1. Please find, among I262, I249, I323, the residue that is part of a helix (DSSP H, G or I) and over 22 Å from W100 (Cα atoms).
2. Assuming G267 fulfils every condition listed in (1) of a type outside the set (F, W, Y); (2) within 29 Å of A79 (Cα to Cα); (3) without any contact (Cβ under 8 Å) to a residue 40 or more places away in the chain apart from one, which condition is it?
3. So if I check each of S341, S287, which one is under 16 Å from the mean Cα position of the chain (by Cα), in a loop (DSSP other than H, G, I, E, B) and farther than 26 Å from S77 by Cβ?
4. Restricting the search to segment 261-286, which residues are modelled with pLDDT of 90 or more and crowded, with 24+ Cβ neighbours inside 10 Å?
5. Among the residues of segment 174-194, is there at least one that is at pLDDT below 90 and of a type in the set (S, T, N, Q)?
6. Return the total of residues in segment 282-299 being out of contact with any His (no Cβ under 8 Å at 6 or more places or on another chain) and without any contact (Cβ under 8 Å) to a residue 60 or more places away in the chain.
7. Could you please tell me which pairs satisfy a Cβ distance under 9 Å, a separation of 6+ or placement on different chains, a first residue in segment 127-140 that is under 17 Å from A83 (Cβ atoms), and a second residue that is surrounded by fewer than 17 Cβ atoms within 10 Å (Cβ to Cβ) and among the β-branched types (V, I, T)?
8. Going through segment 139-167 one residue at a time, which ones are over 16 Å from E104 (Cα atoms), in contact with a Pro (Cβ under 7 Å, 6 or more places away or on another chain) and surrounded by 13 or more Cβ atoms within 10 Å (Cβ to Cβ)?
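The values are calculated or read from the model by the stated rules, or taken from the named source; none is laboratory data. Quick caveat, the model's predicted, so the values are computed rather than measured. Here the Cβ positions follow ideal geometry from the backbone for every residue, glycine too, while neighbour counts run over all protein chains shown.
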Amino acid sequence: MRTNSTSPRISLRDIAKRLGVSHVTVSLALRDNPRISLTMREKVKAVAEEMSYRPDPMLAALAHYRKDKKETPVTASLAWINAWPEAEILRHHREFDLYWEGAEQAAQKAGYRLEEFRQQGEITPRRLDQILSSRGINGLLLPPHTYPPDWTGFPWEKYSVVKFGRSLQDPAAHVVTSNQVGNTLLAYRKIRERGYERIGFVTDEQRAMESSTMFMAGYLFAQREHGMQENIPILDVKAHCLHTCLPEIHAWIEQHALDAVITDLPGIPQLLPETHPPERLGIAVTSILDGHADAGIDQNPREVGRVAFQVLNSLIHDGAKGIPAIPHELLVSGLWADGKSLPDRRQQG
């Protein structure tokens with residue numbers, strides 16, 4: 001049965017009457033609440049579609065307002081999947097810990113509980129699915145991973161999934177991450193504004209093939225934006241043995257007469273000041289939380305976490321599960337932070 005624009009709006013009570021259930025059951029089913037059986041949820045959605053039901057935006061806004069005005073009881077759980085070989089190290093990264101905090105706070109406000117599940121040792125992907133299913137969990141957040149986990153046999157089609165960052169190629173789910181290109185462009189502009197002219201970028205050769213690609217792209221765009229007559233080449237080093245790379249790093253700095261460096265390697269700000277103090281070489285990092293320097297980019301990781309939950313929540317409400325045909329990527333912009341590692345040269349002389 002199809003309605004035209006002059007037909008009365010189909011309500012939850014109309015659907016409930018057709019099915020012989022309460023309007024509360026219909027409401028919960030349309031929001032994929034695990035308190036309603038999967039069979040009933042599918043039946044309600046089918047009838048809602050048949051009757052051309054569409055939520056009333058004014059009522060939805062009123063419900064959201066009322067919900068915001070009171071404490072929301074926790075009704076269901078979401079899973080944060082940690083498949084790191086050494087699970088406790090994941091949240092030692094301050095960026096990733098704030099992903100968790102932002103997502104957890106937003107989830108709690110919406111009536112969910114965010115729980116960490118670790119896939120290690122005897123916890124195979126199939127066993128993980130059994131655990132999640134037994135808990136009635138249908139929403140997953142996947143934090144960044146330094147090594148690709150073995151997901152063989154995991155039924156993604158049963159879950160709504162959102163990833164943090166681009167480190168995980170599999171599954172090809174929706175992504176929420178920091179705007180790495182925009183953040184690096186911002187850093188470059190701010191460094192120039194502070195009186196620096198010869199700005200280089202140094203990264204790890206492995207990162208150059210993986211997670212740092214967007215930072216590097218932002219740096220290259222920045223050079224073009226500022227019309228650099230001589231493009232300074234990006235330096236790739238081995239992050240696990242920076243001390244042995246020192247001669248190469250020093251030669252690169254001297255060859256290109258650098259007065260500032262942007263880096264995503266925590267070891268660089270710890271190492272270079274020994275030979276290149278801040279008054280000689282300014283240093284900025286792509287993450288002031290994990291980069292061991294106080295000048296650079298605040299990637300707003302708590303906001304990244306909050307937005308990731310919002311995306312996941314919308315997928316759950318829409319009943320969107322599995323690997324999407326067209327994955328979406330949502331970028332969260334960062335902020336510039338001044339610091340002692342990059343003195344303002346405009347104030348000198």
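1. Working: I262 fails: part of a helix (DSSP H, G or I); I323 fails: part of a helix (DSSP H, G or I).
None of the others qualify; the one that does is I249.
2. Result: G267 fails condition (2) only.
3. Numbers: S341 fails: under 16 Å from the mean Cα position of the chain (by Cα).
Residue meeting the stated conditions: S287.
4. Result: V261, I262, T263, D264, I268, G282, I283, A284, V285, T286.
5. Going residue by residue through segment 174-194, those that are at pLDDT below 90 are none.
Taking every residue of segment 174-194 in turn, none turns out to be at pLDDT below 90 and of a type in the set (S, T, N, Q).
6. Matching residues across segment 282-299 total 8.
7. If the second residue must be surrounded by fewer than 17 Cβ atoms within 10 Å (Cβ to Cβ) and among the β-branched types (V, I, T), the pairs left are I131/I123; I137/I131.
8. Of everything in segment 139-167, those that are over 16 Å from E104 (Cα atoms), in contact with a Pro (Cβ under 7 Å, 6 or more places away or on another chain) and surrounded by 13 or more Cβ atoms within 10 Å (Cβ to Cβ) turn out to be W151, F154, W156, G165, S167.
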